[in-house]
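Okay, structure first, notes after.
The values are calculated or read from the model by the stated rules, or taken from the named source; none is laboratory data. The shown structure was predicted, so the numbers you read here are calculated from the model rather than taken from an experiment. Methodologically, a virtual Cβ is constructed for each residue, glycine included, from the backbone with ideal geometry; neighbour enumeration extends over all protein chains shown.
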Amino acid sequence: MQTEEDLDNEIAATNNAIIALQHKVFNRSNISFMFINRQATKDYEFLGEDEEYNRVIGIDYNLASKNNKLQLNHQHAKIHALAYSFPIILLPLFVAF
C-alpha cells in the first residue's frame, strides 16, 4: 500500500508492506513468520536518518502434543530502522504441563 505525502504537515509518502505466513507442523503445531516494512518513497528534508524506513521481522512457534499435556509457545521479533537494530523477545519460552 502506498500513502500520499502531505508536505504542509511534513508527512512523507511511504510504501507499506506486510507478509504473514503460517505452516502446520505435526498434528497440532505451527510455525508463523511475519515481515512488516514501511519506507519513504523519496528523500525529504524533514525526515531524519532514523525515519527513512522501519522494518519488523517476527517468528512464532506453537507446539502442542496430541494429548494436550505439553504446550510450548515462543515468539521472537526484531525491529530494524536505519539507526537502530535490536531484537525483542515478545514472550519468553512458555511450557505448560
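The set of residues in segment 38-91 that are basic (Lys, Arg), farther than 19 Å from Phe26 by Cβ and modelled with pLDDT under 80 contains only Lys78. Considering segment 1-56, the residues that are touching a Phe, Trp or Tyr at 6+ places or on another chain (Cβ under 6 Å) and in a loop (DSSP other than H, G, I, E, B) include one that is surrounded by the most Cβ atoms within 10 Å (Cβ to Cβ), namely Ala12. Taking the conditions exactly as written (in contact with a strand residue (DSSP E or B) (Cβ under 9 Å, 6 or more places away or on another chain) and either at pLDDT 90 or above or of a type outside the set (S, T, N, Q) (or both)), does Ala17 satisfy them or not? When the stated conditions are applied, Ala17 passes them.
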